[in-house]
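Engineer: Dropping the structure in here first, questions after.
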Amino acid sequence: MESGWRKRACAALAVLVFLLLLGRSARQASRAPVLNWDLVPAMALALEWTEDDAREVHRRTYEAVQDELGPAAFAELTAPGVRAARFQDPDAFHEHLPFYRARVLYTLGIAALHGLGAPLSAATWWIAVGAYGLLALVLLAWSTRHVGLALAALFALGLAHTPALLTQARFSSADGLATLLIVAGAYLFVERRAFVAGALVLTLSLGARPDGIVLIGFLALALPLFLPRDERPSLRALCIWVLASAAVYLALTRFAGEYGWWPLITISFEEKAVHPAQLSTSFDASRYLEILGRQLGALPGDGYVTTGREVTGSTLVFVYAGVAVLGLALWSRARDIGGRAAALLAALCLAYLVRYLLFPQLWDRFFAPFYALVPLLVLSLVSERLVRPGTTAPVTS
């Protein structure tokens, strides 16, 4: 009886610490957001949902930037060069929006918050902070299924303070929302064994970042290889999922009016063009290999990846990849259980390898789902080895 009381007290204390520190981190993120240029197109695209005039969208966007962010931030976001050209020329600004327009869940969220009275600029990072808080709760729910509540709260708190997740919480981008949906979909699929629900949420994540289609494709391929025959989704179900996800992806890119992959590579790694619509869409293999070689040649450096004034990533992805490989090795020793977690681990490794080849930059906020999911999936695998096959009781601390 006394022992049970102590366990409940420890669990309550751990959850309290979890909530207090999580709230502190969320408050810090909301008070000191990174005023990256991505918030400007996000604001504009939120206005686009109710305003058809491109020049009016441009005017209202920069008016809000100036009024809400102050002169120092306004000067930074309209600095001489391409940023100034986007501010001065509505047509040039409008040409940059297709790079962001497909992230409809994010811009709809901004529009909804703004409609409820939130400042347009603040809404861009409030969604990121909200997604961070909800993600932490998913991490806690997942962890609690395998260890006692006290340990789960501390483990989830540690994961929530992974640098990549903290970075996403401060950025005005759709990355945090995409991470939340990917991790929630993985939770439904792995922990709740709900293929349909998990698949729907993963497909929904494309509305935040359409490049999640790569993970969906690899997961659909991995499931028949890792799951026992009686647990596999039917081939028909997998085909419907992949085709439906592909249709969503194509619809989003068409709606966005995207220029294609090669102009994105060009504008990201070679030149910040004032008029990206004029960039060549023809793939140049020699230029791509030059860019890839340059990016690979810069690794590992001192372990950190920087752009200009700030740290934007690290080579920590290699450590997580090593942990994922160990998880797959653990599964290979007893393949009758843990197939869902192993399939997702394999899909994550392949998807983010391809993700890097398509956009060779180790920015933490792009790899956040990998950082969040690998420890959780390995925890699931280890837990399944520590309970008898066929039971669902978690390992308690």
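Engineer: Between 46, 112, 73, which is crowded, with 19+ Cβ neighbours inside 10 Å and either closer than 22 Å to residue 175 by Cβ or among the hydroxyl-bearing types (Ser, Thr, Tyr) (or both)? Explain how you work it out, then say what you get.
Structural biologist: Details: 112 fails: crowded, with 19+ Cβ neighbours inside 10 Å; 73 fails: crowded, with 19+ Cβ neighbours inside 10 Å.
It is 46.
Engineer: Go over the candidates 78, 61 one by one and state the one that is free of Cβ contacts under 8 Å to residues at least 60 places away in the same chain, closer than 13 Å to residue 122 by Cα and surrounded by 12 or more Cβ atoms within 10 Å (Cβ to Cβ). Working first, answer last.
Structural biologist: Values: 78 fails: closer than 13 Å to residue 122 by Cα.
Exactly one of 78, 61 is free of Cβ contacts under 8 Å to residues at least 60 places away in the same chain, closer than 13 Å to residue 122 by Cα and surrounded by 12 or more Cβ atoms within 10 Å (Cβ to Cβ), namely 61.
Engineer: When residue 375 is evaluated against the numbered criteria (1) surrounded by 14 or more Cβ atoms within 10 Å (Cβ to Cβ); (2) modelled with pLDDT under 95, which criterion, by number, is the only one it fails?
Structural biologist: Checking residue 375 against (1) surrounded by 14 or more Cβ atoms within 10 Å (Cβ to Cβ); (2) modelled with pLDDT under 95, the one that fails is (2).
Engineer: I'd like the full set of residues that are small (Gly, Ala, Ser) and either modelled with pLDDT under 95 or touching a Ser or Thr at 6+ places or on another chain (Cβ under 6 Å) (or both), limited to the stretch 1-52. Before you say what the answer is, go through the steps one by one.
Structural biologist: We begin by selecting, within the stretch 1-52, every residue small (Gly, Ala, Ser); these are 3-4, 9, 11-12, 14, 23, 25-26, 29-30, 32, 42, 44, 46.
Selection gives 3, 4, 9, 11, 12, 14, 32, 42, 44, 46.
Engineer: Specify the residue that is surrounded by the fewest Cβ atoms within 10 Å (Cβ to Cβ); the eligible residues are those in the stretch 284-306 that are without any contact (Cβ under 8 Å) to a residue 12 or more places away in the chain and outside any helix (DSSP H, G or I).
Structural biologist: Ranking the candidates gives 302 first.
Engineer: Something else about it: Scan 322, 327 and give me the residue that is more than 26 Å from residue 174 (Cβ to Cβ), under 24 Å from the mean Cα position of the chain (by Cα), modelled with pLDDT of 95 or more and surrounded by fewer than 13 Cβ atoms within 10 Å (Cβ to Cβ). Walk me through how you get there before you give the answer.
Structural biologist: On the way: 327 fails: surrounded by fewer than 13 Cβ atoms within 10 Å (Cβ to Cβ).
Checking each option against the conditions leaves just 322.
Engineer: Oh, and also: Tally up the residues in the stretch 330-345 that are surrounded by fewer than 22 Cβ atoms within 10 Å (Cβ to Cβ) and either at pLDDT 95 or above or closer than 16 Å to residue 218 by Cα (or both), please.
Structural biologist: Going through the stretch 330-345 one residue at a time, the tally reaches 1.
Engineer: Give the residue that is surrounded by the fewest Cβ atoms within 10 Å (Cβ to Cβ), with candidates limited to residues of the stretch 1-32 that are farther than 30 Å from residue 164 by Cβ and of a type in the set (A, V, I, L, M, F, W, C). First the steps, then the outcome.
Structural biologist: First, the residues of the stretch 1-32 that are farther than 30 Å from residue 164 by Cβ: 1-9.
After this cut, where a residue has to be of a type in the set (A, V, I, L, M, F, W, C) as well, the list is 1, 5, 9.
Numbers: 1: 5, 5: 9, 9: 11.
Step by step, filter the stretch 1-32, then rank; the result is 1.
The values are calculated or read from the model by the stated rules, or taken from the named source; none is laboratory data. Only a predicted model underlies this, so the values are computations on that prediction, with no experimental measurement involved. Here the Cβ is made from the backbone with ideal geometry for all residues, glycine too, and neighbour counts use every protein chain on show.
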